[in-house]
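Have a look at the structure below, then the notes.
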Amino acid sequence: MKANASVPATDPMLSKNREIYDHSDDEIWQRAVYEPVHDGWHFTNIGGRRALRRIAELVDLKADMQVLDLCCGSGAALRYLKLNYGISATGLDINPSQIARACERTADLEGLQFVVADATNWISENRYDLAFALDSLTLIPDMEGFFSTARKSLNAGGLFALTDVVEGQNLSESMRAFASQEDGIVTLASSQAIAEAMAQSGFDRIEIFSDNAEAVRVFSLIFNRVHSEEGWGELPRDRVDSWKELSARYLAAFQADELGYATVIGRAA
Ligand SMILES: C[S@@+](CC[C@H](N)C(=O)[O-])C[C@H]1O[C@@H](n2cnc3c(N)ncnc32)[C@H](O)[C@@H]1O
């Protein structure tokens with residue numbers, strides 16, 4: 001498998017996680033991502049509602065189904081699914097600030113629970129009909145541990161769906177290093193390699209959907225928003241500059257097939 005899949009889960013990774021996701025609610029995220037890309041929904045991902053609707057269709061999501069969101073962030077995906085499909089669900093995330101936000105933002109809804117846990121070694125007491133992970137695999141060095149958690153959490157025949165940034169045909173070492181340094185990305189595997197790892201972890205009927213055009217569309221929105229001068233004056237200059245560089249690098253990388261974006265699904269065998 002061509003991936004940086006063997007980086008151990010050490011404290012520096014957790015501190016990088018805190019550095020990024022403790023602040024994923026701030027003004028820049030709000031104005032650069034949540035408003036222009038997701039109409040105000042707090043999705044820290046590329047696929048947003050479109051990805052969730054596809055997953056819901058694939059599993060024919062119904063109100064009596066049990067759903068698990070691995071690396072749920074601030075709970076937006078489960079809020080969206082609860083409001084649109086009913087469902088009962090568990091969300092887990094390794095970052096306590098994210099789980100605190102998830103609890104706060106879904107306090108008006110019943111049947112959702114959230115836990116602080118590591119998705120690579122969490123042991124579920126329940127079995128689910130659907131497990132999904134949005135834009136999180138790239139942050140996880142132990143892909144096998146992650147898939148094992150998903151597999152053990154599902155009923156036989158249950159659907160596992162993940163969306164993520166994947167290794168494109170032309171990925172350069174400099175882009176891989178940039179993604180690692182800026183975003184803590186440690187696993188950049190091709191969608192085929194992800195599918196093979198899923199098969200080895202006990203999933204079958206695996207399918208890959210390429211969503212590269214969607215990634216270009218989303219990063220164009222972010223790029224255009226942060227490169228327009230309007231309204232950034234009161235925010236720290238260095239953070240705005242870093243978003244400018246980041247959006248330009250990612251947009252170029254998706255356009256040049258250095259990076260791709262994909263949904264990979266499989267059924268618990
Ligand atoms: C890019 S965010 C995506 C959040 C959410 N899935 C969404 O789409 O809005 C990645 C999330 O993965 C979480 N995460 C990273 N490593 C994790 C692990 N080993 N176990 C659980 N959560 C993890 C981070 O804390 C962060 O909230």
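A short reminder: the numbers here are calculations on the coordinates, not readings from a lab. Note that the coordinates shown come from a computational prediction; the quantities given were computed from them, not determined experimentally. Neighbour counts run over all protein chains shown; Cβ positions are idealised from the backbone, glycine included.
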Unit charges at the beta carbon, dipole of region 11-268: most positive-side option, Ala117, Gln255, Ser153
Ser153
Give me the dipole magnitude in Debye, nearest 20, for the chain about the Cα centre, with unit charges on the beta carbon: positive for Lys and Arg, negative for Asp and Glu.
560 debye
Could you pull the Cα extents of region 11-268 along its three principal axes, largest to smallest, in whole Å?
51, 42, 36
Can you list the residues, at least 5 places off or on another chain, whose amide H is less than 5 Å from the amide H of Ser190, using H built in the peptide plane?
Lys2, Glu167
Note on region 43-143: alpha-carbon gyration tensor, axes a ≥ b ≥ c; rule is a/c under 1.5 for rounded, else prolate if a/b larger than b/c, else oblate; result rounded
Rounded to the nearest Å, the spacing of the alpha-carbon centers of region 34-105 and region 123-200 is 17 Å
Please enumerate, by chain and number, the aspartates and glutamates with C-alpha under 12 Å from the C-alpha of Lys62, excluding those fewer than 8 residues away in the same chain.
Asp129
In order over region 157-166: 3J(HN,Hα) from phi, Karplus 6.51/-1.76/1.60, θ = phi - 60°, whole Hz, x for each Gly or Pro, gives x, x, 9, 10, 10, 10, 10, 5, 6, 10
Contact order normalised by length for region 11-268, with contacts defined as Cα pairs under 8 Å and 6 or more residues apart; what percent is it?
20 percent
Karplus couplings for region 27-32 from phi (6.51 cos²θ - 1.76 cosθ + 1.60, θ = phi - 60°), rounded to Hz, Gly and Pro as x?
4, 5, 4, 4, 8, 8
